[in-house]
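Report on one structure; see the data block that follows.
The values are calculated or read from the model by the stated rules, or taken from the named source; none is laboratory data. Keep in mind the model is a prediction, meaning the values are calculated, not measured. Cβ sites come from the backbone with ideal geometry, for glycine too, and all protein chains shown count toward neighbours.
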């Protein structure tokens, strides 16, 4: 086994140890350690990606050298490595872009807490991505939930705590369902590791026994993780949660935390339950329908908002809907589109959250879109970044959003029963997206109704500029050089089976 | 049907408990009751796992009297899962309780609806 | 396929020049020096384009977006017609703008985007497949937006917003048509007569027709086709005169180009012939022709009247296309060129009047012919052309449209079409000629004492004279255009 194969484990454990170490460090040092950790994870994940691409196979890494049916395993294939790389890029850029706000929004003595939580979050996300064991997945789901909850309430105001408790309640419902479903699965298969469990599921399906329990497992697992990732109609916690956290936290929560659960769901579908069983169980149709409804409802609600942050948060509801719609198509092309959209949305939504702050900073701190008039001139970097993000969400060609929509549509044509609904849903939600995002872009570039003082025209900090620029580049790369990424996703999905 | 349910008494009980816990967590407005619901829900899962792991007439899976035949012992994995699960649920409960204390100090209420209403008022 | 990278020059040169012009906004240069840069860019662009158009049917692939989709360019007869038209008009209107824009602020911004849009237009004319076309269609919309809301007043911004929403909604409708058809091979290179994979489309005719209809309506938005024509009368009065001229004269034609590409080069006329799509399309265009003329007749504000006239006249072209008949197709292509020249001249004339006198209403223009004889003479000649009195060019195109309609075998439309064309021609005379009549013959009670010469500078008059001459001369010698159009039509039918 090559040395690179250790990297997934190293990155999980490194992130966790950084979190523990940060508890005795002061804020600025915790920050440096955290940035170092994310960079190191990025480097290691890219190495794993290069390695798996080169070998063309996935590998399992058994912890403590216990053989298959007993031990605890990590699995790394192209898709896992790609996701880990993508997530660490987004994490790094979100931290960079929201850095100045972390130190103003969080009490000075508690800044190191923020970075502890980020470290733990990173560790649990990586574990969710790489794990090959269902119970490990459950444990890290809970760690992820706790860390995310901490990030939500890090501002320590009433908003944060109420938002956190609502998030916790929904999340715990979700993890409870996940836990009971995996207990039942363990009951009927006798395994928690993904490969033997899948074999057992295959045997059960072939023998025709335990039909109802298997259906219940599939349904509970899907619903549990759907609640946690905020699929309509379980989206009620999203706007408050994303809207009021510190910008770096909003960006991380919206683009990474919910995606971690979706990735886990995809992995469970392929690696445990067997995708064809999931497709034939019809649970997938429910995901499809709720995804579609979420796309429309999220956009309509976003149009009704006047607060920019809530508008962006509701747009997340719609985008999560896109992803579930892709999963719900029940084809490999649909799944590939959904995975690609995970990246698109992560790159775009964090850009929007990071740049939106720059805009209302220069508008007396007001976030409703009418107060933002002319802010694109007062803070040019943030204005350009926001415009690019909005255009990408709308699906402007050459940006990442266009490619994901194209992939969804192409995938839709391959599944005849769902084609018309999918494309109509895409069309309606795209036009709705265009309405509120272009309204925002126009309003930040239309002349202000009154003069703003000199203190309201300060330019973005250099970190924000660099982060925005890099985010824009990521978007352009996803929009223009999508083919290698799509190929990698396809290869990764094939390795799942 | 009833005979099946009676034969699988532990599983039936754990499913009922899970339902009770789930609905309490979802529907109750009082935060403390929500937390109690959470614990009932988790405990139901542990009951389910423990019931599944226990094989009638076998010993606790600790090597006793030099008997190495695995057929003499029950399955240790569910017990391990239960222990891990308890750790997770304790930490989550602790977090929820601390959040509740903070909310109570700030808003003087444990009713989530009332808290949200006050919070909306503050926003204006 | 052999790569001919020279083809990229007329697309990216004006974009680069436009960005340079935008960057010049802060440079300490005289106005003259900056305008010289813009003028140089416009002339060079004309030369580059002509150079490319003379190279035969060449292609170049710019970018491989995904394995199946590439952004590539190809020159064919239709490209030659549209690219040649847009770059020549762009130069002439640009010269007019040098003088006109002197009383507006932020000239660099106007000319910068003016040049970028020119690049997008050339790219559209050269585009080789639907995805590439769509990309540059969006680029055109977004870069032409600053031209519309140039004055940045509240009505201008509202007009810009309306333009944006109509365009984006239309483009997305078209985009979903593309998505629907992508699976049937619609994103391959354009080919005369359609490229759809016949074996794959079998059994999906309903879907195919619905997507075709969506694309026609969607792209028809840019061409001002009813029911998506609302942006034209709002956007035009707010935009500066040169911007409205090119918006009406050239950018609406890109909607026409899109429809040509969709109907004749992707889906193929044979699939649409005698289907509900053709019927509904014909009804929509005829409605637009009639309503546009009526609204223009009732309108009091000069530029709005011209905008409604555009709505009506561009639908002549679309009606010609909807007949799916060679003669009507030739007429439509000819009308693209004639209407572009005419409408640019009309808008420039209206602009010159606003520039010199500030008058915007038709009723205020009494005696204007005495004050600005050259402008109004040009205005008169192109009005006559647009009405279609022989031997002007409007007559030629309408003749082809009418004969096409009569022999198209579309039932009631084969005679209803020419009748509506005739009524609309009368209405056109009714709304354009009063300007001339009252301009030259203000009546006995006109106060000749206050009359003063207000002829604009040569920079303004020469482009108008050139375009008028073009419009009239092409009517007498329409051979070049008709030959090119029939060459294209021969491949199609």
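Test residue C:358 against the criterion of being surrounded by 24 or more Cβ atoms within 10 Å (Cβ to Cβ) and at pLDDT below 90, and give yes or no.
Here the answer is no, as residue C:358 does not meet what is asked.
Name, by its number, the condition in (1) modelled with pLDDT of 85 or more; (2) under 23 Å from the mean Cα position of the chain (by Cα) that does not hold for residue C:475.
The failed condition is (1).
Checking the structure you have, find out if any residue of the stretch B:80-90 is exposed (fewer than 15 other Cβ atoms within 10 Å of the Cβ), in contact with a strand residue (DSSP E or B) (Cβ under 9 Å, 6 or more places away or on another chain) and over 19 Å from residue A:145 (Cβ atoms).
no
Within the group C:234, C:252, which residue is part of a helix (DSSP H, G or I), at pLDDT 85 or above, farther than 25 Å from residue C:123 by Cβ and in contact with a helix residue (DSSP H, G or I) (Cβ under 8 Å, 6 or more places away or on another chain)?
Sole residue among the options that is part of a helix (DSSP H, G or I), at pLDDT 85 or above, farther than 25 Å from residue C:123 by Cβ and in contact with a helix residue (DSSP H, G or I) (Cβ under 8 Å, 6 or more places away or on another chain): C:234.
Take residue C:117 and decide whether it is within 30 Å of residue C:196 (Cβ to Cβ) and assigned to a helix (DSSP H, G or I).
no
Filter the stretch C:134-159 for residues that are farther than 23 Å from residue C:71 by Cα and at the interface with chain A (Cβ under 8 Å from one of its Cβ atoms) and give the result.
C:152, C:157, listed by residue number.
Please list, ordered by residue number, the helices (runs of 4 or more DSSP H) wholly in the stretch A:105-210 having 2 or more residues that are more than 25 Å from the chain's Cα centre (by Cα) and within 14 Å of another protein chain (Cβ to nearest Cβ).
In the stretch A:105-210, the matching helices (runs of 4 or more DSSP H) lie at A:158-189, A:194-207.
Kindly provide the set of residues from the stretch C:67-78 that are under 22 Å from residue A:398 (Cβ atoms) and either within 21 Å of the chain's Cα centre (by Cα) or crowded, with 17+ Cβ neighbours inside 10 Å (or both), ordered by number.
C:69, C:70, C:71, C:72, C:73, C:74
Could you list all residues from the stretch C:166-193 that are more than 14 Å from every other protein chain (Cβ to nearest Cβ) and either buried (at least 22 other Cβ atoms within 10 Å of the Cβ) or in a helix (DSSP H, G or I) (or both)?
C:190
Only residues that are closer than 16 Å to residue A:298 by Cβ and more than 8 Å from chain C (Cβ to nearest Cβ): list them for the stretch A:405-421, please.
Selection gives A:408 alone.
Does residue A:127 satisfy being in contact (Cβ under 8 Å) with a residue 12 or more places away in the chain, touching a helix residue (DSSP H, G or I) at 6+ places or on another chain (Cβ under 8 Å) and farther than 22 Å from residue A:491 by Cα?
Spelling it out, it is not the case that residue A:127 is in contact (Cβ under 8 Å) with a residue 12 or more places away in the chain, touching a helix residue (DSSP H, G or I) at 6+ places or on another chain (Cβ under 8 Å) and farther than 22 Å from residue A:491 by Cα.
Given the conditions (1) without any contact (Cβ under 8 Å) to a residue 12 or more places away in the chain; (2) closer than 19 Å to residue C:129 by Cβ, which single one is not true for residue C:184?
(1)
Residue-by-condition table, conditions (1) buried (at least 22 other Cβ atoms within 10 Å of the Cβ); (2) without any contact (Cβ under 8 Å) to a residue 60 or more places away in the chain:
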site: A:309; (1), (2): yes, no
site: A:313; (1), (2): yes, no
site: A:337; (1), (2): yes, no
site: A:359; (1), (2): yes, no
site: A:365; (1), (2): no, yes
site: A:368; (1), (2): no, no
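For every residue, the table says whether it meets (1) surrounded by 18 or more Cβ atoms within 10 Å (Cβ to Cβ); (2) away from chain A (no Cβ under 14 Å); (3) in a helix (DSSP H, G or I).
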site	(1), (2), (3)
C:7	yes, yes, yes
C:15	yes, no, yes
C:21	yes, yes, yes
C:41	yes, yes, yes
C:55	no, yes, no
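Just to be sure I understand, how many residues within the stretch A:168-180 are buried (at least 23 other Cβ atoms within 10 Å of the Cβ) and under 16 Å from residue B:94 (Cα atoms)?
Residues in the stretch A:168-180 being buried (at least 23 other Cβ atoms within 10 Å of the Cβ) and under 16 Å from residue B:94 (Cα atoms): 3 in total.
Under the condition of being away from every other protein chain (no Cβ under 12 Å) and either touching a strand residue (DSSP E or B) at 6+ places or on another chain (Cβ under 6 Å) or part of a loop (DSSP other than H, G, I, E, B) (or both), which residue from the stretch A:369-404 is nearest to residue A:438 (Cα to Cα)?
A:369
Does residue A:46 satisfy the condition of being crowded, with 24+ Cβ neighbours inside 10 Å and assigned to a helix (DSSP H, G or I)?
no
I need every pair where a residue in the stretch C:258-269 that is closer than 16 Å to residue C:315 by Cα has its Cβ under 6 Å from the Cβ of a residue that is outside any helix (DSSP H, G or I), sequence separation at least 6 or different chains.
Matching pairs, first to second residue: none at all.
Contact list please: Cβ distance under 9 Å, first residue in the stretch B:1-19 and at negative phi, second residue part of a helix (DSSP H, G or I) and loosely packed, with under 12 Cβ neighbours inside 10 Å, pairs at least six apart or on different chains.
Matching pairs, first to second residue: B:12/B:4; B:12/B:6.
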